[in-house]
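**Q** Below you will find the structure I want to go over with you.
The values are calculated or read from the model by the stated rules, or taken from the named source; none is laboratory data. Given the structure is predicted, the values throughout are model-derived calculations rather than measurements. When we count neighbours, we look across all protein chains shown, and the Cβ atoms used for this are built from the backbone with ideal geometry, even at glycine. Accessible surface areas use protein heavy atoms only, side chains included; no ligands, DNA or RNA. Shrake-Rupley method; radii C 1.70, N 1.55, O 1.52, S 1.80 Å.
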Amino acid sequence: MKEVQVETEIRVPVALGPRSYEVRVVSGRAGDFGAFARGSLETSWAGRSCRSALLVTDAHLVDLGLPQAYREGLEAVGIATTLAVVPPGEASKSLEGAAGLYDALVRMRADRHTAVVALGGGVVGDLAGFAAATYARGIPLLMVPTTLLAQVDSSVGGKVGVNHPGAKNIIGAFHQPSGVWVDTETLRTLPDRELRCGLAEVVKYGVILDPEFFDELEDQVEAILARDPRALRSIVARSCRLKASVVERDEREETGLRAVLNFGHTVAHAIEAVAGYDGPYQHGEAVAVGMAAEARLAERMGWIGPDAVGRIERLLVRLGLPTAAPGLDADRLIDAMTRDKKNRGGRIRFVLPRAIGRVELTDGPEAAEVRAVLATV
Ligand SMILES: NC(=O)c1ccc[n+]([C@@H]2O[C@H](COP(=O)([O-])OP(=O)(O)OC[C@H]3O[C@@H](n4cnc5c(N)ncnc54)[C@H](O)[C@@H]3O)[C@@H](O)[C@H]2O)c1
Ligand SMILES: [Zn+2]
């Protein structure tokens, strides 16, 4: 498959052998979803004769009237569709939430020719994806992400799962979708803060993998914030391509390559742990602070110069993201980082930039250096 760009759509292939699929990025084309769904399901043996689907969404999207067009699209290609609506919010990403979807699947006598369609943000995608991964040992999944975070991050890569009351994302599976349909028009109704949180992950892709993409972001700040469809299609597709390039080389997080996606996240996870997951920082905001802090750490180690740090911080600020989280205790942040499961031998592991567009995994930073940087957070 080759990447195809025409005026109103960008097709991003994700090459994973028999689990390959396409991310199609469009603007204002809900009417074409049925044909895409049918085409994507054709490529999975289980879906070739797909006649029914469970369309999973959350109550916000029902209020916005979004599911109707997708349901009609599926029905138009002969896929009888049952709607399952979960309450909005992280609490739905639970074993109880999954059980509710299993009930719906059993009620509709779903078999391995039934597809699950996840229409919503990362919560719906992770939950519906987990149900699809486990029901009947795996049934086809289509992702229709409607938050920027879900469009650029959670719906590509095959990680699905739910939370345990004591640990986030701890119950899960790898289950690649059969197709991902991204319509940037859905972002029109997304609150500004949710848009900004997605943009933090977008900036991350530029810093870790693609200096030209970072330049494009610097040039396009106004168009992106104005939600210009062309600008959104471009950044969503580029982000998906970059995430796909990592996932293609490390599908199940075995070679360590997928770790590059954690730039900014070592500090971000500590901020979330210390400030609380329902605290003042949403994930994308914690990632923005984390990227700024980790860029400063890379500068202290002599890996990048002050110019690169300045560019990263300025871009985040222009996008309306924080670069500091005042009031958090450096000792508690370090404590949270030392307990992180990804560490080896008591040292804290970071993914740090060598330049804009290139990162390396390291456990090199001395505790004193980490502390000095966190003191400025
Ligand atoms: N699987 C992965 O690889 C991966 C990666 C990153 C994050 N995640 C997970 O993603 C989740 C966060 O996802 P999220 O940020 O999309 O949150 P979310 O799904 O909770 O959505 C955020 C809010 O936006 C609303 N919403 C969704 N689409 C909308 C639209 N078009 N217009 C208006 N409102 C809309 C939702 O109802 C919700 O209230 C977390 O659970 C996280 O663990 C998973
Ligand atoms: Zn993240």
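**Q** Tell me which strands (runs of 3 or more DSSP E) are completely within region 136-207 and hold 1 or more residues being hydrophobic (A, V, I, L, M, F, W, C) and in contact with a His (Cβ under 7 Å, 6 or more places away or on another chain), or say none if there are none. Working first, answer last.
**A** Numbers: elements: 141-145, 159-164, 167-174, 179-183.
Here the list reads 141-145, 159-164, 167-174.
**Q** Return the only residue of Ala325, Ala330, Ala367, Ala298 being surrounded by 14 or more Cβ atoms within 10 Å (Cβ to Cβ) and either in contact with a Lys or Arg (Cβ under 6 Å, 6 or more places away or on another chain) or farther than 30 Å from Ile235 by Cα (or both).
**A** Ala330
**Q** Quick check on region 63-84. Is at least one of its residues in a loop (DSSP other than H, G, I, E, B), modelled with pLDDT under 95 and closer than 26 Å to Ala237 by Cβ?
**A** No, region 63-84 contains no residue that is in a loop (DSSP other than H, G, I, E, B), modelled with pLDDT under 95 and closer than 26 Å to Ala237 by Cβ.
**Q** Take Glu272 and tell me if it is in contact (Cβ under 8 Å) with a residue 12 or more places away in the chain, part of a helix (DSSP H, G or I) and either over 28 Å from Thr186 (Cα atoms) or open to solvent by 10 Å² or more (accessible area, probe 1.4 Å) (or both).
**A** yes
**Q** Same structure again: Please determine whether any residue of region 342-350 is open to solvent by 20 Å² or more (accessible area, probe 1.4 Å) and within 16 Å of ligand 1 (Cβ to nearest atom).
**A** Yes, region 342-350 has at least one match.
**Q** For the subset of region 196-234 comprising residues that are within 16 Å of ligand 2 (Cβ to nearest atom) and among the hydrophobic types (A, V, I, L, M, F, W, C), which member is farthest from Arg358 (Cα to Cα)?
**A** Selected residue: Cys197.
**Q** Considering only region 223-239, state which residues are touching a Lys or Arg at 6+ places or on another chain (Cβ under 9 Å) and either part of a loop (DSSP other than H, G, I, E, B) or surrounded by fewer than 17 Cβ atoms within 10 Å (Cβ to Cβ) (or both).
**A** Scanning region 223-239 gives Ala223, Leu225, Arg227.
**Q** Filter region 146-167 for residues that are open to solvent by 10 Å² or more (accessible area, probe 1.4 Å), in contact (Cβ under 8 Å) with a residue 40 or more places away in the chain and within 12 Å of ligand 2 (Cβ to nearest atom); which is farthest from Arg24 (Cα to Cα)?
**A** The selected residue is Leu149.
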